[in-house]
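Student: I have a structure here, written as structure tokens, and I will follow up with some questions on it.
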Amino acid sequence: PEESSVTADGVLSIGGVPVTTLAERYGTPLHVIDETGLRRQIRRFVDGLQRRWPNAEVLFASKSLPVVGMYRVAQEEGMSVDIAGGGELRLALAAGVAPERLHFHGNAKTDAELQMALDAGIGTIIVDNCDELDRLERLLTRPQKLLLRVIPGVDADTHASQATGGERSKFGLPMRQAHAAIERMRAHPFMEFEGVHLHIGSQILNTRQFAEAVEKISSAGTFDTYDVGGGLGVKYTYDEEAPSVEAYLDAIVAAARDHLPASARLMIEPGRSVVARAGITLYRVISVKRTGDVFVAVDGGMADQLDVALTHQRYEAVIADRLDEAWTERVQLVGRQCESGDLLVDGADFPAARVGDLVAMATTGAYAYTMANNYNGALKPAIVFVREGEARLVARRETYDDLLALHAPAAL
Ligand code: LLP
């Protein structure tokens, strides 16, 4: 995180709070967000895009960190919000996000979710398919702003499960089918069709691909609004480089100047590049096993850091309470879930690890908390935001009672 430092006795400090204090106060595994750095990053997107293209809107892709405290920060710093279902809708509304600033995505929205969104006075619905148009025809009783998600035909250079803009994507309609859907919306009295949406994927490190998507979407027609999605990749490991926010904005705005109407509204929806680098996860070392390999096992794992298994995302980790000590061994940092794929870092350089050490894994602000699950009875970790020496709990740790509460009383 931007606001990190090391105390005189070698302890990592985030937002002015030593991680030892955070671990004692809130327990581990614990997600920690540097709120100052996070707010600064949001302003880079919001001010940066509006300076380059005044008729612009930046949406927070809230699937990356759907937490009430995060929705609030996003809105306070000038972002609108992208939600992808009834759950994120409820959280965003609970955070006080203005309904007209919500944009509802998804390739399989149910009647119940669409009704919830309409009742809330949702700003924009991004239509994915013709069955959704059937549903909206039945449900709409007053004018509703709509965008249509189209497939730009850009195969993003990223993990296959994170690429969403290729010809065979399950999201959106191919250009050749988009025109009929647009005609249908334009003919309907309550459908206010405003333009098109695309999203080519996530963790994309080549800005040229965003420019290509803007160029491709311009062939869909001339509209009031073009939402060109999220997807900017971030630097996870020392050996990796990622484009700056500014280089990314330069690339899409240059393409927009070349290919989109000058009066159009331009929208982007970053998630990962907003929150990933503001976050770390703290774990406690439970076991150190030296068998030829050195296995350092911690009190969390793929249940709270699923993308190590899902996309084989690589991370860096440190022993956060002994940063003043030299590295002496290369270890396998492993989790406690019952799978060999539960490998948090394949080759971390540590001082001789000991039971009780505090491990910090970096760049975990996005797609960690949100994909946490109860595999092996794991409990969802707590999240704290830290800022100027103060920590505040924004989501408490799940408890065993929370797990039991889901089960039929008769079975207990
Ligand atoms: N807009 C739409 C319609 C999206 O589907 C997504 C992400 C975004 C925006 C934000 O993309 P970002 O700026 O965060 O790359 N579970 C995966 C990540 C899935 C991303 C899903 N869609 C992972 O852990 O890597």
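Quick note: the coordinates plus some simple rules give every number you see, no bench work behind them. Bear in mind the structure is a predicted one, so any value in this text is a computation, not a measurement. Counting neighbours? That spans all protein chains shown, and the Cβs are built from the backbone with ideal geometry, glycine included.
Student: Relative to the compact globular guide of 2.2 N^0.38 Å, what is the alpha carbon radius of gyration of the range 281-412, as a ratio?
Tutor: Taking the Cα Rg and dividing by 2.2 N^0.38 Å, one obtains 1.14.
Student: Return the FRET efficiency for the residue pair HIS159, ALA8: r is the Cβ-Cβ distance, R0 is 45 Å, and the value is rounded to the nearest 0.05.
Tutor: My answer for the efficiency is 0.65.
Student: Continuing with the same structure: Kindly work out what percent of the DSSP beta bridges joining two residues of the range 132-254 are antiparallel, to the nearest 5.
Tutor: 10
Student: Taking one equal scatterer on every alpha-carbon of the range 35-275, how large is log10 of I(q)/I(0) by Debye at q = 0.08, 0.12 1/Å?
Tutor: Log10 I(q)/I(0), no solvent term: -0.27, -0.63.
Student: Moving on. Residue separation times 0.36 nm, minus the C-alpha to C-alpha distance between GLU390 and LYS235: what's the value?
Tutor: This chain segment gains 53.1 nm when fully extended.
Student: Right, something else. How far is helix 207-218 tilted off the main Cα axis of the chain, in degrees rounded to 10, range 0 to 90?
Tutor: Helix 207-218 and the main axis of the chain meet at about 20 degrees.
Student: While we're here: What is the extension gain from ARG25 to GLU167, computed as 0.36 nm multiplied by their sequence separation minus the C-alpha to C-alpha distance, in nm to one decimal?
Tutor: 46.2 nm
Student: Sort out for me the Cα centre separation of the range 292-366 from the range 1-69, rounded to whole Å.
Tutor: Each part reduced to its Cα centre gives a spacing of 21 Å.
Student: Shifting gears a bit: Listed highest first by mean packing, meaning other Cβ atoms within 10 Å per residue, what order do 140-146, 315-321 come in?
Tutor: Packing order, densest peptide first, comes out as 315-321, 140-146.
Student: Then there's this: Regarding the chain, what are the three Cα extents along the principal axes, ordered largest first, in Å?
Tutor: 68, 57, 39
Student: Run the simple label-point estimate for ARG142 and ARG330 please: 7 Å along Cα→C-beta, distance reported in nm.
Tutor: 6.4
Student: Taking every DSSP beta bridge with both residues inside the range 35-275, roughly what % is antiparallel (nearest 5)?
Tutor: DSSP beta bridges in the range 35-275 are roughly 5 percent antiparallel.
Student: Using per-residue counts of other Cβ atoms within 10 Å, averaged over each peptide, order 375-386, 249-260 from highest down.
Tutor: 375-386, 249-260
Student: Compute from the Cα atoms of the range 6-82 the Rg and the Dmax, the latter being the longest Cα-Cα distance, and quote both in angstrom.
Tutor: 15.8, 50
Student: While we're looking at this one, here's another question. So for the chain: antiparallel DSSP bridges make up what percent, rounded to the nearest 5?
Tutor: If I count the DSSP bridges inside the chain, around 45 percent turn out antiparallel.
Student: Related question: Could you tell me the distance between the Cα centroids of the range 177-252 and the range 92-153, to the nearest Å?
Tutor: 18
Student: What lysines does LYS63 reach when the alpha-carbon gap must be under 27 Å and sequence neighbours fewer than 8 apart in one chain are set aside?
Tutor: Within the straight-line limit of under 27 Å, LYS63 reaches these lysines: LYS109, LYS145, LYS170, LYS216, LYS235, LYS380.
Student: Let me ask another. Which whole number in µm²/s is D for the range 207-358 by Stokes-Einstein, with the Kirkwood Rh taken over Cα pairs at 37 °C and 0.692 mPa s?
Tutor: Stokes-Einstein gives a translational diffusion coefficient of 180 µm²/s.
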